[in-house]
Every structure is written in structure tokens, then in C-alpha cells.
Amino acid sequence: MSKYNVTIGMEIHVELKTKSKMFSSAPNKLGTEDEANTSIDAVTTAQPGALPVPNKKAIKYVQMAGIALGCKISKVSKFDRKHYFYPDLPKGYQISQFDQPLCEKGSVEINGRKIGITRIHIEEDTGKNIHDGHDTLVNLNRAGLPLMELVSEPDIKNAEEARAFCQELQRIFRYAGIADADIEKGQMRCEVNISLYKDGEDPLSGTKVEIKNIGSFRSVQKAVEYEIIRQTEDLNEGEIIKQETRGWNDTKQKTISQRSKENANDYRYFPEPDIPPMIFDDRYIQDLIDIIPELPQAKRFRFKEQYNTNAEILEVLIDDRYFADYYENVVSEIRDKKKTGEFKGEEGKAIKLIGNYLVNELPPLLTELEISISNIKISAENFAELIAIIADGKINSSAAQTVLNIMAKTGGDPSNIVEDKNLAQENNEEALGKIVFEVMSSNEKAVNDYKEGNERAIKALMGQVMARSKGKANPQAVMQILKEKLK
């Protein structure tokens, strides 16, 4: 089978979370309405005489996205009419942007490589067609929502990078607070443009195929993987790749031809006559730069440098801005406790524990309680106190699970919970030595087995000690005492 290289570019559409639609005061509910055609007005339905009024916040949000992605922010921009006829577009044209977008020439870093951003512009979303037998129904709740479109350079090299590109954009938009970008709810739509070429050929010489209807990040990767295999097999059999739009079928795990694209669509763009050009000065742009929060890549680098955060733990933390902020607040609290002497243990070990407990132990509790990290009942100070108790050996891992569970439900103080539930770990060597002696006296066979070279026998003795102490004995201290007495 011949080897081909792949060229991948992407078009990303994101619904912005403003209170109202792009060109009217109709509410923006991001398509979550239970009933069709309830979030509409005269502008949405294109009634005669209804005039569009641009949503200032939506424009600002697109520019914030551009700043976050290192784009040049246009000082002069305008809206254009993009003409095509479809039932979900009441006016017969879409208000979009053509030759003067809000943002141009940026990039996003994926695993050390920069993926170029060609442009970012704003437009209005369309309605939704619902096919019911021989009838087609139209729901205009989504029509007119502020829709940001981002076009990448054809810099993406493989399926994994395409997926990572989309995921990093979602993080950036969420960090900036401009969109939820929930791909499963259609608030973020990822479309792939893909072509193949041989070594020595122009990377842009292949026939471009567009893939739509992708409903998850996993499907982005799967669609690219499938299309590379499909095109490779067709080229090896001497077939010509058609320029077309294909849809991803998640059930069949394959792309399916939707329509041919032999010629470029003629949308007959011209400047929107009802909306004057927009002009932005340096002060306006600087004010936007000043409100951009620390973004995922910067936070990723800083956490690694300042806290030596494990790479796998780091990616989970960074994925959610609130999770990352909570982690940092807990770390700050544990450092304060170290300075004041409330925490006696090793700081680095405690910070590692914070990451492990936040990533591995806390999420199942949040799911069970149906809450997010942003409205968790456990204060950062109390979480740090729990970590200090664990790191200082005052409770074991089983007791820690119990305390964390109670804290998640009540927001209670961990020290009080440990005392109320009698969960404190037994660290007294004299008391532990007495229990060990009793266990060894009543388990002579296990003692002899260990002395004869059976290393597993000590675990049986350990289990007996833990059982007699009702799980409160410090395992490390017990193991040390056992080894000393078994010499």
C-alpha cells in the first residue's frame, strides 16, 4: 500500500453565551428550549421592516477569542450578506463577515507545535430543520444566535492532533468565559477539511474533502482516521478523489457522501447595508487584552514549574478553569499551614496528594452529588486541612475516603469529622507493638512461614493487626514493627 501524507485544516463554529441574539433582543438560550419557535422575534423571522442591531458583547467575545489566540485585531471591520436559500434561513441571506473579519493570523500550540489560525469572524446562526416523514419542520429558536467561526491553516498533521486542537480551543473559550462550547449539545461544531498527497508533491495539491456532522471530540479523531484510510485505498486502486462534503455516521463509524463540491459556492457577498462599519481604537483593544485571564497553556507551564505537577494530573486539572483554580487555592492553603507549623509533613508530598485526591477521589463524589467543582461545599482551607491530616499520618486512606465523603455532603471541618467518627490512626508504637505481639502469638504458622522465606506471610499478619485495630493502625508503622520482631 502506497504511503500518503495528509493535509488537515478545520473550521470551528462556536455559539457565544450572550443573553440575547446577534442582531435582536430575542433571548439566546443556546438551543436548550423545550418548545420550538419560542425564542424568536421580528428580526429572527425576517418580518418586513425589521432591522438588525449588532450585539456588542458578541463582538467583544470574538475579539477576546482572537486575543487569546494571538490574532491581529482588526481596527476596521464590517458585516456582509451571504446569500443562499434554505428553509432555516428566513431572510434568504445570512449576516456574516467576508473580507474584513474581526480577527486574523493567530495560532494555538498543540504538543509543542503551532497550528495557525487564518481568521475568526462573527455571524448569525441558522435555524434547525426537522424532517418528519414527508414533511420538513423549521425551528427558529437557534436562528440568529451569535456564532463565532474560526478557520485554521492546513497545519494539522494527524487525527490525534485534530482532536487535541479542538479540545484546546474549547478550553481557551471556556477560560475566557465567552462560550460553554459543549460539542455534544451542538454549541461547538468541528468540521474537517482533509486531503492526501505523496512525498515531493505540494501539500495543498490533494483534492479537499469536507467532513461535517461530527458530534464529539472522539468522533473528530475517528472521522479523520477513517477518511485517511478511505482515500488511501481509493488512490491505490487508481480512483480519483472527488471534491465533496461527507457526513460522519457515528453508528457506522464511517463518512458518507452528502453532496458534490465541484465548484465554489457563489454566495454573492456584499456589505450589509443596514449596519455601518465598526471602528476600534487602541484603547478599546488594550482594555480587552487587560481582561483576558491566564489561559490553559500559560497555566500548564506555571503549574509544572511552581508545583512540579504530574503530567497526567496536570492535564485533568487544566481541563477545567474552576478545577485548576481550586487546586491552586488548596496548594496555597497547604503552604500557609506549613509556614505556621499546622502541617508538619513534607510540602512536595502534600502537593502531590492534593492532585491525586482532586483528580481521582473527588470527581466520583461530585458526580454522585450532581454538582460541579464551582459550587463544591468543601472550602480550599478545609481541603488543605484534610490533606495535611493524611500527609501527617493522622488517618489512613480508608478513613480519608470517609472524611472526604462527609465533607463533600456537609462542608464540615475534617478535624471535627475525624474526632466525631473516631477515625484517628493509631501511631503509638507501644500500643501497636502489643497488638503485633498478640497477632504473632496466635499465628505461629504464618510467623514460621515468613522466617522460612515466604514473603507473603507477613501480609497475612498485617491483615490480622489491621483487623484487631479496627483499621486504625498505621500500616507503615505496623509493617516496620512486624519486620523487626520477625528477624
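The numbers here are math on the coordinates, done by the rules we state, and not lab data. Nothing here was measured: the structure is a model prediction, and the numbers come from that model. In this analysis, Cβ positions are derived from the backbone assuming ideal geometry, glycine residues included, and neighbour counts consider all displayed protein chains.
Considering only A408, G393, V418, the residue lying farthest towards the positive end of the dipole of the stretch 294-420 is G393, judged by Cα position with unit charges set on Cβ. Put simply, the amide H of S20, placed in the peptide plane, has neighbours under 5 Å in N28, leaving out anything fewer than 5 places away on its chain.
Diffusion coefficient of the stretch 5-290 by Stokes-Einstein, Kirkwood radius over Cα pairs, 10 °C, 1.306 mPa s: 80 µm²/s.
Model label sites at E361 and Y322, defined 7 Å from Cα along the beta-carbon direction, differ in position by 2.2 nm. Return the long-range amide H neighbours of D182 (sequence gap of 5 or more, or a different chain), with a cut-off of under 5 Å between placed amide H atoms. Long-range HN contacts for D182: Q187, M188. Using 0.36 nm per residue and subtracting the Cα-Cα separation, the extra length available between K304 and S442 on full extension is 44.6 nm.
The calculated FRET efficiency for D392 paired with E452, based on their beta-carbon distance and R0 = 51 Å, is about 0.85.
Think of each Lys and Arg Cβ as +1 and each Asp and Glu Cβ as -1; about the Cα centre, that makes the dipole of the stretch 205-310 roughly 560 debye. With each label modelled as a point 7 angstrom along the Cα→C-beta vector, the K485-T340 pair spans 4.0 nm. The calculated P(r) of the chain, using every Cα pair and 10 Å bins from 0, goes 4, 15, 20, 20, 15, 11, 8, 5, 2, 0 in percent. Note on K198 and H134: their simple-model spin labels are 5.2 nm apart, each label 7 Å out from Cα toward Cβ.
Dimensions of the stretch 331-487 based on its C-alpha atoms, expressed as ranges along the principal axes with the largest first, amount to 55, 35, 28 Å.
Computed from the C-alpha gyration tensor, the three semi-axes of the ellipsoid equivalent to the stretch 41-80 are 28, 11, 7 Å, from longest to shortest. Using Cβ point charges alone (K and R +1, D and E -1), the dipole size of the chain about the Cα centre works out to roughly 680 debye.
The calculated FRET efficiency for the pair S257 and D287, based on their C-beta separation and a Förster distance of 41 Å, comes to about 0.30.
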